[in-house]
Amino acid sequence: AKKNPNEPEFMQAVMEVAETVIPFIEENKKYQNKMLLERMVEPDRTIIFRVVWIDDKGDTQVNRGYRIQMNSAIGPYKGGIRFHPTVNLSILKFLAFEQTFKNSLTTLPMGGGKGGADFDPKGKSDNEVMRFCQAFMTELSKHIGANTDVPAGDIGVGGREVGYMFGQYKRLRNEFTGVMTGKGISFGGSLIRPEATGYGNVYFVQSMLATRGESLSGKTIVVSGSGNVAQYAAEKATQLGGKVVTMSDSAGYIYDSAGIDAQKLAYIMEIKNELRGRISDYITKYPDAKYVAGKRPWGVKCDVALPCATQNELNEEEAKTLVANGCICVGEGANMPTTPEAVIVFQKAKTLYSPGKASNAGGVATSGLEMSQNSLRLNWSSEEVDERLKEIMLNIHASCVKYGTDSSGYIDYVKGANIAGFVKVADAMLAQGVV
Ligand code: NDP
C-alpha cells in the first residue's frame, strides 16, 4: 500500500489473491524465496499518455490514455481497453493484475494487460468517437503488436471502437496483423467473440449448478448491466431454460416478472447497441415491466444472480438480501463486481460463487481463438468456436475444483482460480530466471 497510494481497487484485487496464494506458497517450497508475488504485483511497464482530439464544434479536447503491460511470462500481453470517465491507474492496474491470472486459467498462451482512457463515449457523435479512437491509437500503436501486446474491448469499447482503432493501427504501420481482437467479421474477427464473455459465464454457472445436481432450467435469474456481457449472458441463460427478470445500467434497472425473452432482449440490444439509449426506454415498449431509478437489481428475488456491469456493484447488504431471498448461485460476468465483504457473505452461506477471473474468462479465451485464426489465416465456424469455448470453461471449472475444494466438499472458486492461475505464471517465471 505504501508503494501504491491512492490505488484502492488495485489493493483490493491484490489482497484477494494474496489471501489465497500466500498459504499455498507457504506449503510449496518450489515457490518460496523467489519474490514471485512481489514480482507479479509490479507491472512490467506502465504507459501513460496524452490523447488530443477535436470535437464536432471544432474545440480541442484532452484525455489521458493508459496501457498497463502487467505480465508476459506465458504470452504476449492481452487484455481489454476501457473508455469510461472513471478510468484511472488504480482501476486499470486491478484489471491488468486480474487479467494475468484469468489468461493463465484459459490454458492459452496469453500474458496480462489492460488499457483505456478517461474518455466518456456517452453523448459523443460517431465522428467524435472515431477521432478519439484514432488519436488514442496514434500513441498506443508504438507499444503494441501481434506478438507483443494485443488489446481488445471492455466497458465503452465494442465492435465500433475496435474497428476504428484497428483501422488507425493499420494505417500507421502499413501492416494487416492480428493486433487487436474483437474485430469485425469482415476483417479478421472471430464468430462468437461478441457472445463469448456472456455465454462463457453461463456455461460456467451450468457447471457450478451441476455440482449440486441442479440446472438453469426453470431458474429465475437477475442480471445487472445491459452491455455486451449482460446481453449475451441473458441470451444464453434464456436459451438454457432460465427466466431473466432484470437488466440495468448506471441509472437504474428494469424488472419484468414475465421474463425478458428473445424478442424483448432483441429490443434491449437495439436500444443499447444501435440507438445508444437507456435501459429505461424498455418500459415504453413493454409497459408491464417496472423501471426502478437509481437502484441496483439485487433486491429482486432470484435463484441465480449474474453481475455483469462493473466493479464493486454488489455490496455486503445486497449479498445478504440475495442469500435471504434464496439465491443459490452467483456467477460474475463483470470484473470484481462483488465487494470483499459481500464475497464473505456468499462463502459463509455456501452459495455457489465464482469470481470473474474464472467465470468471465470466456471472452479473452475466444480472443485467444481469434489470434489463432489470424495466425492461421483461417476462420472457424460458430459451432467450432462455441465448442472450444465450452471446453475451455469446463477446464477452468475443473481447475477451480482441483485447487479450491475444502474438506467439507465446498468449492471455494476464489481460492481455486487464484491458485490455478498462479501456478502456471509462476512456473513460467521461474523457468525464465530472474526477470
Ligand atoms: P459495456 O460497456 O458493453 O456495458 C457496461 C454495462 O455496465 C452498461 O450497462 C453500463 O451502463 C454498466 N455500467 C458501466 N459502468 C457502470 C457504473 N460505474 N455503475 C453502474 N453501471 C455501470 O461493457 P461490457 O459489457 O463489455 O463489460 C461489463 C463488465 O464485464 C466489465 O466489468 C468488464 O470489465 C467485464 N468484462 C468484459 C469482457 C468483454 O469481453 N467485453 C470480458 C471480461 C470481463 P451505462 O450504459 O449506464 O454506462
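Coordinate-derived values only; no laboratory data. None of these values were measured; they are calculated from a predicted model. Heads up, the Cβs are rebuilt from the backbone with ideal geometry, glycines too, and the neighbour counts pull from every protein chain shown.
Okay, here's what the table says:
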{"item": "Order of 203, 164, 253 - criterion: other Cβ atoms within 10 Å of each residue's Cβ, fewest first", "result": "164, 203, 253"}
{"item": "Bins of 5 Å, starting at 0 and running to the largest distance - Cα pair percent for segment 374-430", "result": "4, 17, 16, 16, 14, 14, 12, 4, 2, 1"}
{"item": "FRET efficiency, 1/(1 + (r/R0)^6) with R0 56 Å, evaluated for residue 288 and residue 42 via beta carbons", "result": "0.55"}
{"item": "Gain on full stretching of the segment that runs from residue 57 to residue 148 - 0.36 nm per residue minus C-alpha separation", "result": "29.0 nm"}
{"item": "Of the DSSP H helices in the chain, those whose Cα atoms cover at least 20 Å axially and whose Kyte score averages 0.0 or more", "result": "8-27, 89-105, 362-376, 413-431"}
{"item": "Phi to ³J(HN,Hα) by Karplus 6.51 cos²θ - 1.76 cosθ + 1.60 over segment 45-59, Hz, x for Gly, Pro", "result": "6, 10, 10, 10, 8, 7, 10, 10, 8, 10, 7, 5, 7, x, 7"}
{"item": "Two-decimal ratio, segment 78-125, of alpha-carbon radius of gyration to 2.2 N^0.38 Å", "result": "1.31"}
{"item": "Length-normalised contact order for segment 29-71 - Cα pairs under 8 Å, 6+ apart - percent", "result": "41 percent"}
{"item": "Total formal charge among the other residues, if their Cβ is under 12 angstrom from that of residue 317, Lys/Arg +1 and Asp/Glu -1", "result": "-1"}
{"item": "Distance between segment 227-279 and segment 290-330 - C-alpha centres, whole angstrom", "result": "15 Å"}
{"item": "Alpha-carbon Rg/Rh ratio, for segment 275-396, with Rh computed the Kirkwood way", "result": "1.07"}
{"item": "Length added when fully stretched, residue 408-residue 12, from 0.36 nm per residue minus Cα-Cα", "result": "139.8 nm"}
{"item": "Total formal charge among the other residues, if their Cβ is under 10 angstrom from that of residue 271, Lys/Arg +1 and Asp/Glu -1", "result": "0"}
{"item": "Average Cα contact separation per residue, segment 173-322, under 8 Å, 6 or more apart, as relative contact order %", "result": "23 percent"}
{"item": "Gap separating the Cα centres of segment 393-435 and segment 52-117, nearest whole Å", "result": "24 Å"}
{"item": "Nearest-0.05 FRET efficiency for residue 395 and residue 2, computed from C-beta distance (R0 41 Å)", "result": "0.60"}
{"item": "Contour minus Cα-Cα distance for residue 312 and residue 215 (0.36 nm per residue)", "result": "32.2 nm"}
{"item": "Relative contact order %, the chain, counting alpha carbon pairs below 8 Å whose residues are six or more apart", "result": "16 percent"}
{"item": "Selected from 186, 372, 125 as most flexible by GNM, with the chain as the system and alpha-carbon contacts under 10 Å", "result": "186"}
